[in-house]
Amino acid sequence: MSLGRRGWTRIGMGAALAGAVGLGLLAVPAGAGAAPELPPVTAEELISSVMTADPGPFNGTVKLDNQLGLPALPQLPQAANGTSTATVWSDGDRKGRVSLPTGQTERTLVADGTTVWSWNSADRTVTKSPESEGPHRRPAADPTAAATEVVKHLRATSTVDVDGTAEVAGRSAYELVLAPAPTERTLLREVRVAVDAEKRVPLQLTVLATGSSDPALRLGFTDLTFGAQDPSLFTFTPPPGATVQERPAHAEDAKPGAAKPTVVGDGWDTVVIAKAPTGERAPELAALGKPVSGPWGNGREFTTAVGTAIVTDDGRIAVGAVPEQVLTEALTK
């Protein structure tokens with residue numbers, strides 16, 4: 001996780017995550033109650049303001065409602081259907097904190113400006129890594145970051161519109177809608193982003209698949225406060241008895257022979273092909289999915305309402321918010 005200036009409000013999702021979760025949002029009102037009256041704004045004006053937003057320090061509670069239909073995997077508990085929450089803090093610049101409670105345990109991520117600390121209370125381990133810039137940023141539980149990257153990634157291959165207003169986390173917001181262009185081959189219908197009327201940062205995003213009226217995923221603030229934060233939140237000292245592991249910058253890329261993911265296409269029908277995880281980091285995939293084969297080889301396919309993945313026998317994994325045909329075409333290129 002790397003957090004440059006505005007990093008905690010602009011953390012990149014990355015193409016792999018975009019393909020895996022579908023880069024989509026719900027086409028229903030983002031909040032309950034009467035829609036607030038706001039000055040009119042065009043879609044391009046709203047997008048431009050989102051891309052340059054600088055809200056300053058903030059803290060808030062984030063709720064994730066997940067109905068993606070992914071299997072429950074021990075290594076990826078948040079992937080399975082259900083609801084989870086997180087608390088985020090930002091100093092408005094390079095420092096931030098995320099608290100991710102999971103039952104009786106908690107994961108805490110702290111960026112102090114030079115170092116990123118990851119604390120897992122379950123096994124009392126701390127991972128320490130230097131902060132870095134560029135494409136190696138990782139996502140955090142921050143709707144502003146996720147939705148901003150969605151808009152950035154999809155705007156060129158979408159039709160965009162402003163579809164009324166809503167209230168999210170007690171704040172007035174515009175509803176920005178992105179729908180895939182007719183040439184896009186995707187399982188998604190459209191994207192709706194609730195954009196704060198004052199700060200112009202996204203407050204909520206949701207996922208809706210084509211042919212469904214129920215949200216597949218919704219990520220948004222339930223409460224949000226802007227203003228100066230306690231500086232002690234952005235410091236971290238390993239607890240007594242904790243095991244501290246040093247992780248170099250871009251550790252995965254530093255491995256000899258490590259291959260970068262291949263990105264095929266752009267926008268809604270992006271497909272990302274990467275080396276499938278192995279060893280302790282590999283999900284238990286052998287008994288899941290259905291067998292498939294083609295000119296690209298053999299493997300297993302996993303399908304949800306918002307995306308498809310193929311894990312090949314030769315150690316590749318292809319993911320996208322696309323039907324099977326798009327994946328197989330990408331694997332043969």
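The set of residues from the range 27-49 being aliphatic (A, V, I, L, M), open to solvent by less than 60 Å² (accessible area, probe 1.4 Å) and either modelled with pLDDT under 90 or in a loop (DSSP other than H, G, I, E, B) (or both) comprises ALA27, VAL28, ALA30, LEU38, VAL41. Only residues that are over 14 Å from ILE273 (Cβ atoms), part of a strand (DSSP E or B) and more than 20 Å from the chain's Cα centre (by Cα) were counted across the range 302-314, and they come to 0. Among residues of the range 146-162 that are over 18 Å from GLU184 (Cα atoms), those with a Cβ under 6 angstrom from a residue that is among the aromatic types (Phe, Trp, Tyr) and open to solvent by less than 20 Å² (accessible area, probe 1.4 Å), sequence gap 6+ or separate chain, pair up as VAL162/TYR174.
Entry remark, the range 186-219: residues being under 22 Å from THR61 (Cα atoms), in a loop (DSSP other than H, G, I, E, B) and either free of Cβ contacts under 8 Å to residues at least 24 places away in the same chain or among the acidic types (Asp, Glu) (or both) number 1 in total.
Whether a residue is at pLDDT below 90 and in a strand (DSSP E or B) was assessed, and ILE317 passes this test.
Starting from residues that are charged (D, E, K, R) and over 23 Å from the mean Cα position of the chain (by Cα), keep the ones in the range 284-301 and report whichever is least open to solvent (accessible area, probe 1.4 Å).
The qualifying residue least open to solvent (accessible area, probe 1.4 Å) is ARG300.
The set of residues from the range 52-80 being over 16 Å from the mean Cα position of the chain (by Cα), at pLDDT below 75 and of a type outside the set (Gly, Ala, Ser) comprises PRO71, LEU73, PRO74, GLN75. In the range 203-212, the condition of being open to solvent by 70 Å² or more (accessible area, probe 1.4 Å), touching a Leu at 6+ places or on another chain (Cβ under 8 Å) and of a type in the set (Val, Ile, Thr) is met by at least one residue. State all residues of the range 303-315 that are within 18 Å of THR270 (Cα to Cα) and either among the small types (Gly, Ala, Ser) or buried (at least 19 other Cβ atoms within 10 Å of the Cβ) (or both); if no residue qualifies, say none. Residues satisfying the conditions are THR304, ALA305, VAL306, GLY307, THR308, ALA309, ILE310, VAL311.
What residue, of THR183, THR222, THR237, is in a strand (DSSP E or B) and either open to solvent by 70 Å² or more (accessible area, probe 1.4 Å) or modelled with pLDDT under 90 (or both)?
THR222
Restricting attention to the range 174-207, the residues being over 24 Å from THR304 (Cβ atoms) and among the acidic types (Asp, Glu) number 3.
The values are calculated or read from the model by the stated rules, or taken from the named source; none is laboratory data. Since we're looking at a predicted model, the values are computed, not measured. Ideal geometry is used to build each Cβ from the backbone, glycine not excepted, and the neighbour counts take in all protein chains shown. Accessible surface is based on the protein model in full, side chains and every heavy atom, while ligands, DNA and RNA are left aside. Shrake-Rupley method; radii C 1.70, N 1.55, O 1.52, S 1.80 Å.
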